[in-house]
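Notes follow once the structure below has been shown.
The values are calculated or read from the model by the stated rules, or taken from the named source; none is laboratory data. Keep in mind it's a predicted model, so treat the numbers as computed, not measured. Every residue, glycine among them, receives a Cβ derived from its backbone with ideal geometry; neighbour counts consider all protein chains shown. Each accessible area value is taken on the protein alone, full model and side chains, heavy atoms only, with ligands, DNA and RNA left out. Shrake-Rupley method; radii C 1.70, N 1.55, O 1.52, S 1.80 Å.
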Amino acid sequence: MTITPVILCGGSGTRMWPLSRGGYPKQFLNLYGDESLLQQTATRLKGLPDVAAPLLISNNEQRFLVAEQLRAAGVAKAKIVLEPMGRNTAPAVAAAAVIALENNPDAVLMVLPSDHVITHGDVFQQLVLQAATVAAHGKLVTFGIAPTEPHTGYGYIRRGVSLSESNTSFEVSAFVEKPNAEKAAEFLASGDYYWNSGMFMFRADVYLHELAQYQPKMLEQVKAAVAASQRDLDFVRLGHDEFADCPSDSIDYAVMEHTAHAAVIAAAGLGWNDIGSWTALAEVSQADADGNNIVGDVMVEGVKNSYLRSENRMIAALGVENLVVVETADAILVAHKDKVQDVKNIVNRLHAAGRSESVTHRKVYRPWGSYEGIDSGSRFQVKRIVVNPGASLSLQMHYHRAEHWIVVNGTARVVNGDQTLLLTENQSTYIPIGATHRLENPGKFPLEMIEVQSGSYLGEDDIVRFEDTYGRVGK
């Protein structure tokens, strides 16, 4: 029996704004430890016997983030499947099941969100092996977390008859929606309920069989999308039109709440946290004697039970309690700990107002490196650009802006109209409006440069691409 890990990494993580944003959500951030949550999820699988290379479900906008983070973590041979649009977890896992069965008719899927913290990896691996044994008998297994408080932000699972002498696996009696505080207290007191972790294990063919019973249209469209998929560099793109016609639903609603074969593993001792809010992150972060979690350049006096995180500038706090303060280059969140679940309301308002802070940071990552806005005004914009060794931007032109490039560090090979230039530190060039140009780093170290744009329109959509290593041709 071979286990195929399926890592779901297409979410937006709006409840962790301003650090997590649509263009760079929380699974790619080092929120806990020295690796991102995605990297921790992928490397947690190392050491498990009979585990295939992971299969990741992502989207077009984040595809290079996924690939680069896996490469940096030393995760080889992973397959990255791109959804043309989000359709929730049930179709995503169905696509993974269809693809896994193409290579192994006995494939067992281990479905993992990419943005959870598990502090005890050895316990996780033991539970995976237990769950695999249950799944081999045709059960659709979910991992249940013993509740430690009457939490109203999680769905619950009521356990039924025991499936093992050790009382670690049970049939599922019922899936329960997020309860109110009174109900959550009852669930905690009864001892018969678990938090629904969102982690699953089942045979790929069993999941598809159950999906055919309860969501036949979904299965039909997923199979069509996989059949119409195309390779693009190291990615697999599902068929756009076929997936667009697929119903959207979660695994829980589409299958788990209906099937007669649901089981739950009592996932005790995992040190699990879904990092669903800033207070959740505070719970797993190291606290000082006053109950404060401090990250970055922070100075406090008379502060208690607060989470304070500085990414760029110093934070100074005096005489406050139970606050969350998160500073980034272009936004600062100040919230009472009891209100952090409402951060998504701020994100929705930013989005409705057309504010870029809901989606992007001041620093934007690209497959070739990154760029960061430094200053802007009427008819000008200044950016700091970093190009990775061996990487290059597309061959392109602009209709409305000229650009001045100054090399700060490293070596740049520049195509500027009919010329090809090699620039080093403190050298510069001017790109006129309408000139075809390209920037490349031929060296072994990152290229750092300052770009000054000037013109009547400075939007990112004023780009016409003629050639591109990453398949982005046209506007």
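How long is the gain from Arg384 to Ala268 if the chain were fully straight, where each residue apart is worth 0.36 nm and the alpha carbon distance is subtracted?
Working: separation 116, 0.36 × 116 = 41.76 nm, distance 4.72 nm.
Length gained between Arg384 and Ala268: 37.0 nm.
Taking the Cα centre of the stretch 273-375 as the origin, how large is its charge dipole in debye, to the nearest 20, when only Lys and Arg (+1) and Asp and Glu (-1) carry charge on their Cβ atoms?
That gives a dipole near 400 debye.
Below 8 Å, C-alpha to C-alpha, sequence gap of six or more: please give me the relative contact order for the stretch 274-407 in percent.
12 percent
What is the local net charge at Gly160, summed over the other residues whose Cβ is closer than 15 Å to its Cβ (Lys, Arg +1; Asp, Glu -1)?
Residues near Gly160 contribute 0 overall.
Tell me, how many Å apart are the Cα centres for the stretch 157-173 and for the stretch 56-82?
The two parts, judged by their Cα centres, are 36 Å apart.
May I ask you to compute the full-extension gain from Asp106 to Val464, defined as 0.36 nm times their residue separation minus their alpha-carbon distance, rounded to one decimal in nm?
124.1 nm
With every protein chain present, what is the per residue accessible area of the chain (1.4 Å probe, Å²)?
I get 45 Å² per residue for this part.
For the stretch 125-263, what is the charge dipole size about the Cα centre, in debye to the nearest 20, if Lys and Arg each add +1 at the Cβ and Asp and Glu each add -1 at the Cβ?
On the way: 10 positive and 18 negative charges, 48 e Å.
Dipole magnitude for the stretch 125-263 comes out near 220 debye.
Report the net charge of residues surrounding Ala107, where surrounding means a beta-carbon distance below 13 angstrom and charges are Lys +1, Arg +1, Asp -1, Glu -1.
Numbers: positive: Lys79, Arg203; negative: Asp50, Glu102, Asp106, Asp205.
Charge balance near Ala107 sits at -2.
Report for the chain the percent antiparallel among DSSP-assigned beta bridges with both residues inside it, nearest 5.
Close to 70 percent.
By the scheme Lys and Arg +1, Asp and Glu -1, what is the net charge of all other residues having a beta-carbon under 11 Å from that of Leu308?
-2
Sort out for me the Cα centre separation of the stretch 111-152 from the stretch 242-284, rounded to whole Å.
10 Å
Report the relative contact order of the chain, percent, no decimals, based on alpha-carbon pairs under 8 angstrom and at least 6 residues apart.
13 percent
For the stretch 35-178, what is the relative contact order in percent, using Cα pairs closer than 8 Å and at least 6 residues apart in sequence?
Working: 122 pairs, mean separation 26.3, N = 144.
Taking the mean separation of contacting Cα pairs over the length of the stretch 35-178, I get 18 percent.
In whole percent, and with a 1.4 Å probe on the protein chains, what portion of the accessible area of the chain is carbon and sulfur? Please report the intermediate quantities before stating the final value.
On the way: 10470 of 21460 Å².
Percent of accessible area from carbon and sulfur atoms in the chain: 49.
Using only Cα atoms, locate the centre of the stretch 313-387 and the centre of the stretch 220-235, then give the distance between them in Å, rounded to an integer.
35 Å
Classify the stretch 65-216 from the C-alpha gyration tensor, please: rounded if a/c falls under 1.5, else prolate or oblate depending on whether a/b exceeds b/c. Present the calculation step by step, with values, prior to reporting the outcome.
Details: a/c = 1.63, a/b = 1.45, b/c = 1.12.
It is prolate, given that a/c is not under 1.5 and a/b is the larger ratio.
Run the helix sum for the chain: -39,500 (n - 2.57) per DSSP H stretch of 4+ residues, divided by residue count, reported at 222 nm to the nearest 500 deg cm²/dmol.
Calculated at 222 nm, the ellipticity per residue is -6500 deg cm²/dmol.
Can you tell me how much longer the chain between Leu129 and Asn180 gets when fully stretched, taken as 0.36 nm per residue apart minus their C-alpha distance, in nm with one decimal?
Working: separation 51, 0.36 × 51 = 18.36 nm, distance 3.43 nm.
Gain in length upon complete extension: 14.9 nm.
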